[in-house]
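Chemist: Here it is, the structure in full.
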Amino acid sequence: MLRLFEELGFKPKRCTWEITLACNLRCGHCGSRAGKPREDELTTAEALQVVADLVSLGCQQVTLAGGEPTLRKDWPELVRAFKRGGVPSPSSPTA
């Protein structure tokens, strides 16, 4: 996918990434029918590759969504990887 984006010259500025379908709530407004995680959710290594790809594309803002993203055990690692790649957290000032 990264190669295709590069060939097309596509550079996303913002991205929303549903990192898990797992959720411990049952919100009536939920559009993703969250509950149990998908059987084929990305491994940590695969997810970190997505982080690297988004950083490489120049993505400036990423929202981690779900389900409930904090139920994914490696979400802090994904956030740290984005930060190391220069993608600021939502509360960080962007200059």
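Chemist: Nearest 10 degrees, 0 to 90: what angle lies between the long axis of helix 44-57 and the longest principal axis of the chain (Cα atoms)?
Modeler: With rounding to tens, the tilt is 40 degrees.
Chemist: With no other cysteine's Cβ closer than 4.7 Å, which Cys residues of the chain count as lacking a disulfide-compatible partner?
Modeler: If one checks each Cβ against the other cysteines of the chain, 15, 23, 59 turn up with nothing under 4.7 Å.
Chemist: If you place +1 on the Cβ of every Lys and Arg and -1 on the Cβ of every Asp and Glu, how big does the dipole about the Cα centre of region 2-84 come out, in debye to the nearest 20?
Modeler: Using only the charged Cβ atoms, the result is roughly 340 debye.
Chemist: Okay, moving on. Within 12 Å, Cβ to Cβ, of residue 61, how many net charges do the neighbouring residues add up to if Lys/Arg are +1 and Asp/Glu are -1?
Modeler: Local net charge: +2.
Chemist: Tell me which of 50, 1, 29 sits at the most positive position along the dipole axis of region 1-66, charges placed on C-beta atoms (Lys, Arg +1; Asp, Glu -1).
Modeler: Result: 29, furthest along the dipole toward the positive end.
Chemist: Quick check: residue separation of residue 46 and residue 4 times 0.36 nm, minus the Cα distance between them. What number comes out in nm?
Modeler: 13.3 nm
Chemist: May I pose another question? Within the chain, count lysine pairs with alpha carbon atoms under 25 angstrom apart where the residues are 8 or more positions apart or belong to different chains.
Modeler: Working: 11/83; 13/83; 36/73; 73/83.
So the count works out to 4.
Chemist: Still on this structure, please answer the following. Using a Gaussian network for the chain with springs between C-alpha atoms less than 10 Å apart, which of these wobbles most: 25, 54, 71?
Modeler: Taking springs between Cα atoms under 10 Å, the residue moving most is 25.
Chemist: Hey, what D do you get for the chain in µm²/s if you plug the Kirkwood alpha-carbon radius into Stokes-Einstein at 20 °C and 1.002 mPa s? Don't skip to the end; give the middle numbers.
Modeler: On the way: Rh = 14.3 Å.
After rounding, the answer is 150 µm²/s.
Chemist: Taking the Cα atoms only, what angle lies between the long axis of helix 75-84 and the longest principal axis of the chain, rounded to 10 degrees?
Modeler: The two axes meet at around 10 degrees.
Chemist: Another question, if that's okay. Rounded to the nearest 500, what is the chain's calculated 222 nm mean residue ellipticity when only DSSP H runs of at least 4 contribute -39500 (n - 2.57) each, over all residues?
Modeler: The helix-only estimate for the chain comes to -9500 deg cm²/dmol at 222 nm.
Each reported figure results from applying straightforward, stated rules to the coordinates on display, with no laboratory input. The shown structure was predicted, so the numbers you read here are calculated from the model rather than taken from an experiment. Cβ sites come from the backbone with ideal geometry, for glycine too, and all protein chains shown count toward neighbours.
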